[in-house]
Amino acid sequence: MHLSESARAVFAVLAAAGTATRPQLAAGAGLSKPTVSAAVAELEAAELAARSGTVSGATGRSAAVYGLGPAAGAVLAVDLGPSHTRVRGCALDGTLLAEGTGTRAGAADAVREALAALPAGAPLRTIVVAVGDVTAREREGAGMRPATAKAGPVFDAMAVALPPGVPVHLENNVNCAALAELHEGAARGSHTFGFLRIGVGIGLGIVVGGQVLRGANGAAGEVARLPYPWDEGREPRREALEEHVGARSLLRRAGEAWQDADGPRPRTVERLFALAGQGRATARAVVGRHAVDVGRLAAAVTAVLDPGLIVLGGSTGSDPQLLPGVRAELARLSWPTEVVSSTVGDSGTVVGAARLAVARGVQTVTDGALAKD
């Protein structure tokens, strides 16, 4: 596909706006009205744009409204979560076209479900897969492999459902969730913040100036690698901090503290937090201690980044019962930093991955082979 530079610029504006008139496209692209008219005609001929209606102006004259055409295509986002797979198919203007969900083992079926719901004939521009750890250089195409063993077998099983020849990009799942918080969640209006996920594992999404910070190795925010413990009598172990703060250790500590009078021991973190919410003393004490640990991790993050805002997410981190303890410990150890709970929930990762997929999808069109104006 060959597009002139003006058509490329107009397509990017149209994708961001969803629908627009020619004057709006001209203002957004910084081009003259005649140039935009020629660009729109070029996009219509390529079926990348299509007239979607008219709108009446203040003078009573009608203006044509344009949206993306059928050849603009779609993108796919996949969240390979610890227990569930979530999939979203979107148009290049971000419109949700399809969704699929399934177990982690049923990732391929969830992908097929979403692909089948996409508009027939719409080209699939790109696929973004959110995984737990991305520390190797990304490889694209149908033969791409995951960067670490954390997603390996599941990715392989899911990849059989992906159409061949479509660029595939790995992205850290915490970074995706941070983007969802930035655009649709608790961090709206904050261009710099940290998204601290606490669950089975731990992770940090760092947003600076509205952009995710990935680092030289793609490993920025891998707080599981912080040295722990750090004292004279014990040597730090790899990912020992994640082991200490993660959900499995939380349940273990609950089991050690549990008394016969407390009733049945909680088998899940959800049950532990529910008992704490009911006022059970032992459960509240365990959750309170967990809040202190999370607060100390937040203090370490604040000492390095000074983000001004930390959003707590994850299966345990998003529970509001942690907020008082986290805030108190952070205030004791560091400078004033706002701490809030995530508002995007379990769908945050796939929502953020879809945003990345849309951006990459638009790029595949606008960065294709260009003809000179």
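The values are calculated or read from the model by the stated rules, or taken from the named source; none is laboratory data. Values in this document were obtained by computation on a predicted structure and should not be read as measured data. Every residue, glycine among them, receives a Cβ derived from its backbone with ideal geometry; neighbour counts consider all protein chains shown.
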One residue from Thr316, Thr364, Thr349, Thr343 being touching a residue at least 60 places away in the same chain (Cβ under 8 Å), crowded, with 17+ Cβ neighbours inside 10 Å, of a type in the set (Val, Ile, Thr) and in a loop (DSSP other than H, G, I, E, B): Thr316
Qualifying residue in region 286-300 (condition: free of Cβ contacts under 8 Å to residues at least 12 places away in the same chain and either outside any loop (DSSP other than H, G, I, E, B) or in contact with a Phe, Trp or Tyr (Cβ under 7 Å, 6 or more places away or on another chain) (or both)): no
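With a cut-off of at least 2 residues that are under 23 Å from Leu330 (Cβ atoms), name the helices (runs of 4 or more DSSP H) lying wholly within region 152-252. Even if it seems obvious, please write down each step before you answer.
Values: elements: 152-159, 173-184, 240-245.
Qualifying helices (runs of 4 or more DSSP H): 173-184, 240-245.
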Failed condition for Ala27, given (1) crowded, with 16+ Cβ neighbours inside 10 Å; (2) out of contact with any Leu (no Cβ under 8 Å at 6 or more places or on another chain): (1)
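Out of the residues in region 83-111 that are in a strand (DSSP E or B) and β-branched (Val, Ile, Thr), state the one that is surrounded by the most Cβ atoms within 10 Å (Cβ to Cβ).
From region 83-111, those in a strand (DSSP E or B) are 84-91, 96-103; that's our starting set.
Checking the rest, the ones that are also β-branched (Val, Ile, Thr) come to 85, 87, 101, 103.
On the way: Thr85: 23, Val87: 30, Thr101: 18, Thr103: 12.
That would be Val87.
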Single match in Leu204, Leu196, Leu179, Leu170 (criterion: touching a strand residue (DSSP E or B) at 6+ places or on another chain (Cβ under 7 Å), of a type outside the set (Gly, Ala, Ser), more than 22 Å from Val326 (Cα to Cα) and at pLDDT 95 or above): Leu179
Cross-chain or 6+ apart pairs with Cβ under 7 Å, region 61-86 first and touching a residue at least 12 places away in the same chain (Cβ under 8 Å), then surrounded by 15 or more Cβ atoms within 10 Å (Cβ to Cβ) and among the aromatic types (Phe, Trp, Tyr): Leu80/Phe155
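Is region 154-161 home to any residue that is within 18 Å of the chain's Cα centre (by Cα) and modelled with pLDDT under 95? Please lay out each step first, then the result.
Filtering region 154-161 for residues within 18 Å of the chain's Cα centre (by Cα) gives 155.
Within this subset, residues satisfying the condition of being modelled with pLDDT under 95 are 155.
Yes, that holds for at least one residue.
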Subset of region 222-247 [closer than 18 Å to Leu196 by Cα, surrounded by 12 or more Cβ atoms within 10 Å (Cβ to Cβ) and either of a type in the set (Lys, Arg) or without any contact (Cβ under 8 Å) to a residue 60 or more places away in the chain (or both)]: Ala224, Arg225, Tyr228, Glu239, Ala240, Leu241, Glu242, Glu243, His244, Val245, Gly246
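Evaluate the following for Glu329: is it in contact with a strand residue (DSSP E or B) (Cβ under 6 Å, 6 or more places away or on another chain), charged (D, E, K, R) and not assigned by TED's automatic domain parsing to the domain that holds Thr101? Step through it out loud before you land on a result.
Working: in contact with a strand residue (DSSP E or B) (Cβ under 6 Å, 6 or more places away or on another chain): no; charged (D, E, K, R): yes; not assigned by TED's automatic domain parsing to the domain that holds Thr101: yes.
Criteria not met by Glu329.
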Single match in Asp109, Asp133, Asp79 (criterion: modelled with pLDDT under 90, over 28 Å from Val10 (Cβ atoms) and of a type in the set (Asp, Glu)): Asp133
Strands (runs of 3 or more DSSP E) wholly inside region 1-82 that include at least 2 residues being of a type in the set (A, V, I, L, M, F, W, C): 49-56, 62-68, 74-80
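Test of understanding: among Arg332, Arg355, which residue is out of contact with any Gly (no Cβ under 7 Å at 6 or more places or on another chain), over 26 Å from Leu297 (Cα atoms) and either touching a residue at least 24 places away in the same chain (Cβ under 8 Å) or in a helix (DSSP H, G or I) (or both)?
Going through Arg332, Arg355 in turn, the sole match is Arg355.
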